[in-house]
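A.B. asks: Please read through the structure below; I'll follow up with questions.
No value in this document is a laboratory result; all are computed from the given coordinates. Predicted model, so just to flag it, every value in this text is computed and none were measured. Here the Cβ positions follow ideal geometry from the backbone for every residue, glycine too, while neighbour counts run over all protein chains shown.
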Amino acid sequence: MAAGLLYIIDPLGQIQKANDAKRKSDLDQLQRALETYYNDNGKYPPSSGSTIIAPCTGTYRINPPTGCIEWGTSWTAYNTTIPKDPMSSTRNYVYFASSDGQSYWIYASLEKSGDPQLCSSPDANGECSSITTNTIAIKSCGPSSSKPCNYGASSPNVSP
């Protein structure tokens, strides 16, 4: 008699894994648009910062001279849609650019705490250490400490 195999399916874990894969893909897509912008302008677009400044309705948005680009809306100049977190009611993406436009950082909050691509040196809040270095408000990726900005991508000259 052959031994039976028991498979345990974790539906919540699979949904979290799919959401995290989407976040990583979204940040990759955004990086390509930012590099194209850099090639056209010699610098990365500014960010809206930690305070809401019209026309931005939120913080840490891409804010080129043509006007703020909200997450989930079209950036027509670069023929792309700026991605929005798949759980946007509870999680946000964060974009931050250096004042000279020569570096940028983008962050997301991954749901799977054991993901091997989480930021390698988290701070005391579980967030990428560059959050503090860049004076980005903590908990910008989500409204609670359980949703830290724990995954990041950046321009080639810096690390998240």
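A.B. asks: What length, rounded to one decimal in nm, is gained on full extension from residue 25 through to residue 77, with 0.36 nm per residue of separation minus their alpha-carbon distance?
C.D. replies: Details: separation 52, 0.36 × 52 = 18.72 nm, distance 2.07 nm.
So the extension gain works out to 16.6 nm.
A.B. asks: Please turn the phi angles of region 81-89 into ³J(HN,Hα) values with the Karplus equation 6.51 cos²θ - 1.76 cosθ + 1.60 (θ = phi - 60°), one per residue in order, whole Hz, x for glycine and proline.
C.D. replies: Per residue, the Karplus-derived 3J(HN,Hα) values read 9, 5, x, 10, 3, x, 10, 4, 6 Hz.
A.B. asks: Mind checking the angle between helix 11-41 and the chain's longest principal axis? C-alpha axes, 0 to 90 degrees, to the nearest 10.
C.D. replies: Once rounded, one gets 20 degrees.
A.B. asks: Now, a different point. List the residues, sorted by chain then number, that are 5 or more residues from residue 119 or on another chain and whose placed amide H is less than 5 Å from its amide H.
C.D. replies: 151, 152
A.B. asks: Taking only Cα atoms and a 10 Å spring cutoff, compute GNM fluctuations for the chain and point out the largest among 17, 84, 147.
C.D. replies: Largest GNM mean-square fluctuation: 17.
A.B. asks: Quick one: dipole size for region 14-154, taken about the Cα centre, charges +1 on Lys/Arg Cβ and -1 on Asp/Glu Cβ, in debye to the nearest 20. List each step's numbers first, then the result.
C.D. replies: Numbers: 12 positive and 12 negative charges, 56 e Å.
Its charge dipole is roughly 260 debye.
A.B. asks: Tell me which of 119, 31, 74 sits at the most positive position along the dipole axis of the chain, charges placed on C-beta atoms (Lys, Arg +1; Asp, Glu -1).
C.D. replies: Comparing the listed Cα positions along the dipole, 74 ranks first.
A.B. asks: If packing is taken as the average number of other Cβ atoms within 10 Å across a peptide's residues, how do 119-125, 154-160 rank, most packed first?
C.D. replies: Ranked by mean Cβ neighbours within 10 Å, highest first: 154-160, 119-125.
A.B. asks: At residue 51 and residue 14, where each label point lies 7 Å from the Cα along Cα→Cβ, what is the point-to-point distance in nanometres?
C.D. replies: 4.8 nm
A.B. asks: Quick check on packing: order 104-111, 91-98 by the mean number of other C-beta atoms within 10 Å, highest mean leading. Don't jump to the answer; show the numbers that get you there.
C.D. replies: Working: 104-111: 25.8, 91-98: 23.4.
Listed from highest to lowest mean packing, they are 104-111, 91-98.
A.B. asks: Let me ask something else about it. Give the long-range amide H neighbours of residue 75: residues separated by 5 or more places, or on another chain, with amide H under 5 Å away, using H modelled in the peptide plane at 1.01 Å from N.
C.D. replies: When sequence neighbours closer than 5 places are left aside, the close amide H contacts are 80, 81, 82.
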